[in-house]
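J.: The structure that follows is given in the form of structure tokens.
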Amino acid sequence: MSDAYSPIPELNLLKAFDDTCTDFYSPGFELRPYHHGVGWTDPDNPEFEDRVLAFAQATTSGSRYALWRCDDRADLATLPVLFLGDEGDLYITAHDLRELLWDLLDEDSGEPAPDREEYRTTRRAYHTWLQQNFGSTPPTYDRSPMEEHGWRFADWLLSVGEKDAADLVIESLELLEVPRL
């Protein structure tokens, strides 16, 4: 058995960096055990849990990030990233893991940034790490993650019996005026 954090090289690189940190590098973000149960559906839904690979806390209040195993591709880092809110929010927040890693630099994430030098130093180190491992600029996409994957995600949620979750996603898609293609 491997000692790796996950089967995803990008997450393993992040875990190695994370292990050297003495403070947060993004407000509210904290790695959690990889695919160690999502606990977002009630009662637990094994079809949902098998395809939703949780890996991090997204906010200080307990929201999570997870990869949505929308298909059986080999490169798990290219899967869409979900935001599973502690207050019931559910949406696709990034096209893939690399986009999320860049999004962690967003100063307007909704979480208050700590006002301490150690945090600022760790954040600068994260930015340097990100550029060294994934290039100097974030990836770009023609459409938002919800436009790209939202309707397919809603349909999948319905197929695994998560009607309430699907309704949340559909409501978001309708508010964003995302057409069903």
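J.: Could you list, in sequence order, all residues of the range 1-11 that are under 18 Å from the mean Cα position of the chain (by Cα) and surrounded by fewer than 16 Cβ atoms within 10 Å (Cβ to Cβ)? Outline the logic, then answer.
T.: Initial filter on the range 1-11 (under 18 Å from the mean Cα position of the chain (by Cα)): 5-11.
Across the range 1-11, the qualifying residues are 7, 9.
J.: Restricting attention to the range 60-69, report how many residues are out of contact with any strand residue (DSSP E or B) (no Cβ under 6 Å at 6 or more places or on another chain) and open to solvent by less than 20 Å² (accessible area, probe 1.4 Å).
T.: Of the residues in the range 60-69, 1 are out of contact with any strand residue (DSSP E or B) (no Cβ under 6 Å at 6 or more places or on another chain) and open to solvent by less than 20 Å² (accessible area, probe 1.4 Å).
J.: For residue 86, are the conditions met, namely being within 16 Å of residue 55 (Cα to Cα), surrounded by fewer than 19 Cβ atoms within 10 Å (Cβ to Cβ) and modelled with pLDDT under 95? Break it down into steps so the answer makes sense when it comes.
T.: Working: within 16 Å of residue 55 (Cα to Cα): yes; surrounded by fewer than 19 Cβ atoms within 10 Å (Cβ to Cβ): yes; modelled with pLDDT under 95: yes.
It is true that residue 86 is within 16 Å of residue 55 (Cα to Cα), surrounded by fewer than 19 Cβ atoms within 10 Å (Cβ to Cβ) and modelled with pLDDT under 95.
J.: Is one or more of the residues making up the range 50-61 within 21 Å of residue 4 (Cα to Cα) and part of a helix (DSSP H, G or I)?
T.: Our first condition is that a residue be within 21 Å of residue 4 (Cα to Cα); within the range 50-61, this holds for 50-57.
Then drop every residue that is not part of a helix (DSSP H, G or I), which leaves 50-51.
The answer is yes, given that some residue of the range 50-61 is within 21 Å of residue 4 (Cα to Cα) and part of a helix (DSSP H, G or I).
J.: Is there any pair with a first residue in the range 6-26 that is over 20 Å from residue 76 (Cα atoms) and a second that is assigned to a loop (DSSP other than H, G, I, E, B) and open to solvent by 10 Å² or more (accessible area, probe 1.4 Å) whose Cβ atoms are under 6 Å apart and which are 6 or more apart or on different chains, and what are they?
T.: The qualifying pairs do not exist here.
J.: Just to be sure before I move on: is residue 53 open to solvent by less than 40 Å² (accessible area, probe 1.4 Å) and touching a Pro at 6+ places or on another chain (Cβ under 9 Å) in the structure I sent? Can you show your working first?
T.: Values: open to solvent by less than 40 Å² (accessible area, probe 1.4 Å): yes; touching a Pro at 6+ places or on another chain (Cβ under 9 Å): no.
Against the criterion (open to solvent by less than 40 Å² (accessible area, probe 1.4 Å) and touching a Pro at 6+ places or on another chain (Cβ under 9 Å)), residue 53 does not qualify.
J.: If you don't mind, there's one more thing I want to ask. Looking at the range 132-139, can you tell me whether even one residue there is touching a residue at least 24 places away in the same chain (Cβ under 8 Å) and under 12 Å from residue 92 (Cα atoms)?
T.: Looking only at the range 132-139, we keep the residues that are touching a residue at least 24 places away in the same chain (Cβ under 8 Å), and these are 133-134, 138-139.
This time we only want the ones that are under 12 Å from residue 92 (Cα atoms), so: none.
So far as the range 132-139 goes, no, none of its residues is touching a residue at least 24 places away in the same chain (Cβ under 8 Å) and under 12 Å from residue 92 (Cα atoms).
J.: Name, by its number, the condition in (1) in contact with a strand residue (DSSP E or B) (Cβ under 8 Å, 6 or more places away or on another chain); (2) open to solvent by 30 Å² or more (accessible area, probe 1.4 Å); (3) not hydrophobic (A, V, I, L, M, F, W, C) that does not hold for residue 96.
T.: (2)
J.: Does the range 35-47 contain at least one residue that is part of a helix (DSSP H, G or I), closer than 24 Å to residue 165 by Cα and either among the aliphatic types (A, V, I, L, M) or open to solvent by 30 Å² or more (accessible area, probe 1.4 Å) (or both)? Even if it seems obvious, please write down each step before you answer.
T.: Within the range 35-47, the first condition is being part of a helix (DSSP H, G or I), and the residues that meet it are 46-47.
Filter again for closer than 24 Å to residue 165 by Cα, leaving 46-47.
Next, from what is left, pick out any that are either among the aliphatic types (A, V, I, L, M) or open to solvent by 30 Å² or more (accessible area, probe 1.4 Å) (or both): 46-47.
Yes - at least one qualifying residue is present in the range 35-47.
J.: Taking the conditions exactly as written (out of contact with any Lys or Arg (no Cβ under 9 Å at 6 or more places or on another chain) and of a type in the set (Gly, Ala, Ser)), does residue 166 satisfy them or not?
T.: Values: out of contact with any Lys or Arg (no Cβ under 9 Å at 6 or more places or on another chain): yes; of a type in the set (Gly, Ala, Ser): yes.
Yes, satisfied.
J.: Here is a check on your reading of the model: is residue 37 touching a residue at least 40 places away in the same chain (Cβ under 8 Å), of a type outside the set (A, V, I, L, M) and farther than 26 Å from residue 135 by Cβ?
T.: Values: touching a residue at least 40 places away in the same chain (Cβ under 8 Å): no; of a type outside the set (A, V, I, L, M): yes; farther than 26 Å from residue 135 by Cβ: yes.
Against the criterion (touching a residue at least 40 places away in the same chain (Cβ under 8 Å), of a type outside the set (A, V, I, L, M) and farther than 26 Å from residue 135 by Cβ), residue 37 does not qualify.
The values are calculated or read from the model by the stated rules, or taken from the named source; none is laboratory data. Source: prediction; values computed, not measured. Counting neighbours? That spans all protein chains shown, and the Cβs are built from the backbone with ideal geometry, glycine included. With ligands, DNA and RNA removed, areas are computed over all heavy atoms of the protein, side chains included. Shrake-Rupley method; radii C 1.70, N 1.55, O 1.52, S 1.80 Å.
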